[in-house]
Amino acid sequence: MLDSSSRVGEGNRGSIVQSRELAARFEAYGDWRRRLAARVSELHGWLDEQELADAQVEQRVQRILDRLHQDKLVVAFVAEFSRGKSELINAIFFADFGARLLPSAAGRTTMCPTELLHDPSRPPSIRLLPIETRGKDATVAEFKNYAEEWTTIALDLASAERMTDALSRVSQVKRVPVELARRYGFPDGDEGMSAAGPAEEVEIPCWRHAIINFPHPLLKQGLVILDTPGLNAIGTEPELTLSLLPQAHAVLFILAADAGVTKTDLEVWRRHLAGEDAATRRGRIVILNKIDGLWDELKTPAEIDAEIARQARSSAELLGVPPEQVFAVSAQKGLAAKVNGDDPLLARSRLPVLEGALSGRLIPAKREIVGSATSSDVRALAEAVKTLLGARSTGVAEQLAELKALRGKNLDVVAHMLERARDEKELFERGLARFTALRNVFTGQTNALFDRIGLESLRSNATRTRKAIEASPFTRGLRQAMGEFFASIRADFDAAARQSVEIHEMMRAMYARYAQEHGLETFVPPPFSVLKYHKEVERLERAYNEHFNTLWNMVSKAKFPLMRRFFETVASRAKRVYDVANRDADAWLRAVMGPLETQVKEHHLQLKRRLDSIRRIHSASDELEERIAELDQQGHALAAQVRALEREVAAIDDVVAMPDGLPLAANS
Ligand SMILES: Nc1nc2c(ncn2[C@@H]2O[C@H](COP(=O)(O)OP(=O)(O)OP(=O)(O)O)[C@@H](O)[C@H]2O)c(=O)[nH]1
Ligand SMILES: [Mg+2]
């Protein structure tokens, strides 16, 4: 990180440590994820060593590890301009930098949505997406895949001054003709463009989006902070409202004590944050910032506290949230206190209370989700391996019973048995042809399933919709085009559902048949549910409906480009649903087909082994006892493998359930 010589307030780090509960908790969470990943790798190593890791196992382990490594926690800051969003981010997360990292000043300061994150594959930098990209039909998410579209400025971590300078780019504006601004989707008048100067030119942000890549300890742990510009800039970048905010794990809404809850505050809240239900509102944290404005020297501390409490209560009432969700702070004094190591001031800023609440809610909730997902994935993986071991044990037990029955029998009996085993193996091998045929049908049906939820289907749907929008750029036409867009998506998932039912039926019948004919274990494949995607599409459609009217009424002249961008955002969210569905379907198909493949392979192998051992006994009868001892040994080894596997899984569950805040060294 920073060279200590460039850090201001270095001598007073004690006070910073005091208010670093959030940082400590977050680090503990990072440790926990690393430990969990290490445990999963141990299980992987064990499976490898035992030669139980086939391609399917590999893939499952990789998925679990990927999730643990990439796991992000997104915290978004939203408010009207100048409420102190950027200052609060500086104070909570970046105070030990010793300076004001993000630009924070009176008036409109942050001009574009700014993500702060750490991506170890790139050098520290600020990447800026030019506002001109608004003229193209692509979302910010898509532009993220094209490095050449971004202006990249390296960050010099050794100099606070140069860092602050580079980051000041998020405030850059420029003057352009009104017509151009409209084309980029900026609404007329006060809401979007500040019309200072000659009437035909207006000021607009230089950048559409900024990504700050910075190796801060919290960001390294997977924290992503989203700073947003105030005012209705939030309304003109549909991606923010439709995509970035819904994905955030926590949204902080900031008010200023000196302004109270203004009409525009309420508007931002209602449009973007209030949500439809009490549950959504419960997830919001409301900050009453700038309480230092109420620190009146002529009043007693008790009077001041009462005034702050009164304001917090009335804000809670106006927004319709429980008062416990409102936190009164002074971001500016909190930052100054941390930088200067002024403990009394830090306490007075009440920043530590907010940080305590943030870490107390956010991280445990996230841990719970990641922990239970990992645990259930590991269980499913262990079950699959156990099924295989179970089939092997059954085979061994059967062979044992057969051989034990041979004790003291004459050669004729053995010859007869040999014949029976040979017949059985041949019968099974003839059955293999049927299995190959089944595989072909299965592949055909799988392709049909992927066709329905394939990206090609969505792409042609989107093209159709774009044309329809262009042909009739009025409310009715737009609404109809969008309605058809969503209907077509629903039809895709309905068709996929029908296709999956067919596959499921076929496979269930197949498993039953194999179980009956060859005494294999009965297995009921899990069904594939498309409910999740329908829900996701429903939510998207609802969000679209909510924002449609707002946007439509807000802009007068720049409707068309804005609507086009709006649609592109909706389409890219829909693409994400398709992506997930494709991945899920792929995993499901493997889960459905995989066990049968393994069973068939395993059974075939056992038949071969059995034939082999009888053949050996037939040729030399003194091999019988030796062979029985061998099989006994194999049976014990299999049972030991199952026990070892259970121990591995239990060790992973132990880490999942580990109490919070345990240092990494203490338990390993
Ligand atoms: N007195 C006081 N001023 C504050 C406090 N927090 C922020 N400010 C000031 O308020 C002004 C606006 O702060 P910003 O952090 O730029 O606000 P913002 O919400 O990020 O605003 P935009 O980026 O324009 O959307 C700055 O001059 C800050 O110094 C506070 O707690 N007390
Ligand atoms: Mg700001």
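Read the figures in this text as sums done on the coordinates, not as results from a lab. Not measured: the values here are computed from a predicted model. No Cβ is skipped: glycine too gets one built from the backbone with ideal geometry, and neighbour counts run over all protein chains shown.
Quick rundown of the values:
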read-out	value
Residues 492, 586, sorted so that the one with the fewest Cβ neighbours within 10 Å comes first	586, 492
Which of 36, 507, 224, positive extreme of dipole for the chain (C-beta unit charges)	507
Assigned charges on the beta-carbon of Lys, Arg, Asp, Glu; the chain dipole about Cα centre (debye)	1200
Debye, to nearest 20: dipole size of region 437-481, +1 on Lys, Arg Cβ, -1 on Asp, Glu Cβ	160
Reciprocal mean inverse distance between Cα atoms of region 375-450 - Kirkwood radius, Å	16.3
Stretch gain in nm, segment residue 657-residue 427, where the contour uses 0.36 nm per residue and the Cα spacing is subtracted	77.8 nm
In nm, spacing of pseudo-spin labels at residue 24 and residue 506 (7 Å Cα→C-beta vector)	5.9
Of 144/575; 72/338; 366/532; 220/366; 532/601; 409/601, those spanning more than 24 Å from alpha-carbon to alpha-carbon	72/338; 532/601; 409/601
Additional length obtainable on full extension of the chain from residue 601 to residue 361, 0.36 nm per residue less Cα span	81.5 nm
FRET efficiency, residue 582 to residue 405 (Cβ-Cβ, R0 60 Å, nearest 0.05)	0.70
Kyte-Doolittle mean at least 0.0, axial Cα span of 15 Å or more - DSSP H helices of the chain	351-406
Pairwise FRET efficiency - residue 317 versus residue 146, Cβ, R0 = 51 Å, nearest 0.05	0.60
DSSP-defined beta bridges in the chain - what % are antiparallel, rounded to 5	50
Options 436, 334, 376, ranked by Cα towards positive dipole end of region 327-481, top entry (Cβ charges)	334
Gain upon complete extension [residue 119, residue 65; 0.36 nm per residue less C-alpha separation]	17.7 nm
Given charges at Cβ of Lys, Arg, Asp, Glu: the chain dipole, positive-most of 549, 114, 446	549
Distance (nanometres) between label positions extended 7 Å along Cα→Cβ at residue 534 and residue 305	5.5
Virtual spin-label span in nm between residue 138 and residue 271, 7 Å along Cα→Cβ	2.8
